[in-house]
1. Out of curiosity, is A167 in contact with a helix residue (DSSP H, G or I) (Cβ under 9 Å, 6 or more places away or on another chain), without any contact (Cβ under 8 Å) to a residue 60 or more places away in the chain and open to solvent by less than 70 Å² (accessible area, probe 1.4 Å)?
2. Out of E57, E75, I need the residue that is at pLDDT below 95, of a type in the set (D, E), assigned to a strand (DSSP E or B) and open to solvent by 20 Å² or more (accessible area, probe 1.4 Å). Which one?
3. Can you list residue pairs whose Cβ atoms sit under 7 Å apart, with the first residue in region 17-30 being more than 19 Å from P203 (Cβ to Cβ) and open to solvent by 10 Å² or more (accessible area, probe 1.4 Å) and the second being hydrophobic (A, V, I, L, M, F, W, C) and in a loop (DSSP other than H, G, I, E, B)? Count only pairs 6 or more apart in sequence or on different chains.
4. Out of all the residues in region 190-198, is one or more open to solvent by less than 20 Å² (accessible area, probe 1.4 Å) and within 17 Å of the chain's Cα centre (by Cα)?
5. Restricting to region 199-225, and then to whatever is assigned to a loop (DSSP other than H, G, I, E, B) and β-branched (V, I, T), can you tell me which residue is most open to solvent (accessible area, probe 1.4 Å)?
6. Tell me the residue from L49, L34, L41 that is modelled with pLDDT under 95 and either surrounded by 19 or more Cβ atoms within 10 Å (Cβ to Cβ) or of a type outside the set (S, T, N, Q) (or both), please.
7. If you check every pair at least six apart or on different chains, which have Cβ atoms under 9 Å apart with a residue in region 109-125 that is at pLDDT below 90 and among the polar types (S, T, N, Q) first and a residue that is part of a loop (DSSP other than H, G, I, E, B) and open to solvent by less than 70 Å² (accessible area, probe 1.4 Å) second?
8. Scan R233, R248, R228 and give me the residue that is more than 22 Å from N106 (Cβ to Cβ) and buried (at least 18 other Cβ atoms within 10 Å of the Cβ).
Amino acid sequence: MTGTPAGSGPGGAATRAEYCVIACAEAWRGSGELLASPMGLIPGIGARLARRTFAPELLLTDGEAMLVDADGEREGWLPYRQHLELVASGRRHVMMGASQLDRYGNQNISCIGDWRRPRRQLLGVRGAPVNTLNNPTSYWVPRHSRRVFVPRVDMVSGVGYDNAAAAGPSATRFHHLPRVVTDLAVLDFATPDHAMRLASLHPGVTVEEVCEATGFALVLPDDVPFTREPTQRELALIRTELDPRGHRHREVPA
């Protein structure tokens with residue numbers, strides 16, 4: 001038998017998982033009428049929270065052919081051809097997972113080890129190249145560790161800033177990696193050479209902890225802020241409507 005996570009009651013303090021939801025939601029702030037494609041539980045809650053609060057024009061889908069509202073109720077039809085038009089024109093913001101990420105945002109979800117003879121086969125490249133070259137793409141990493149944040153990915157699935165630049169203007173037209181959200185922090189690429197930067201810390205986490213859990217040197221601002229705190233309305237929506245069973249705490253324990 002498990003108890004209710006600390007702070008998950010209607011008036012309790014925000015938990016680490018709830019800070020992660022907020023950090024994911026912020027990826028879609030100011031997006032306007034853009035298709036959100038969150039992959040994973042906490043990014044999904046974040047996208048729905050954004051739609052319910054500060055991003056009311058955000059488009060959500062049921063994962064198939066229907067547009068839905070933040071409660072999952074159908075509100076429109078999105079045929080496959082129209083979905084592809086959105087994908088090809090930079091009008092979609094996907095938040096993917098990553099088995100490996102490097103300093104410039106190259107992502108690997110394909111294999112571990114030499115791709116010609118991998119030690120472990122993963123999902124495969126899938127749609128990662130198209131996502132990263134044609135749409136804004138953020139990442140969600142529920143366990144920040146050196147196994148994920150590596151000096152060099154074993155195989156490029158999602159395209160980082162260095163490889164996009166090397167491929168020329170056709171690869172950089174819509175290429176944009178807004179943020180990486182983990183259970184420890186928010187990272188971005190807002191640096192002159194697009195090297196990964198520590199953008200904010202979740203409360204209770206130190207800069208040293210994040211650096212120790214990262215396999216390369218992060219760009220560190222002089223003053224690293226904390227991830228913004230959820231409002232009482234946002235906490236109420238998360239706890240009573242968007243995730244009343246508290247599944248977020250299975251992904252990021254309190």
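1. Yes; evaluated as a whole, the condition is true for this residue.
2. Only one candidate passes the filter, namely E75.
3. So the pair list comes out as R29/F54; R29/A55.
4. Within region 190-198, one or more residues are open to solvent by less than 20 Å² (accessible area, probe 1.4 Å) and within 17 Å of the chain's Cα centre (by Cα).
5. Applying the filter and picking the extreme gives T206.
6. Sole residue among the options that is modelled with pLDDT under 95 and either surrounded by 19 or more Cβ atoms within 10 Å (Cβ to Cβ) or of a type outside the set (S, T, N, Q) (or both): L34.
7. Q121/S110
8. The unique qualifying residue is R248.
The values are calculated or read from the model by the stated rules, or taken from the named source; none is laboratory data. Note that the structure is a prediction, hence the values are computed from the model and not measured. Glycine gets a Cβ as well: all are built from the backbone with ideal geometry, and neighbour counts include every protein chain shown. Please note that ligands, DNA and RNA were not included when accessible areas were found on the heavy atoms of the full protein model with its side chains. Shrake-Rupley method; radii C 1.70, N 1.55, O 1.52, S 1.80 Å.
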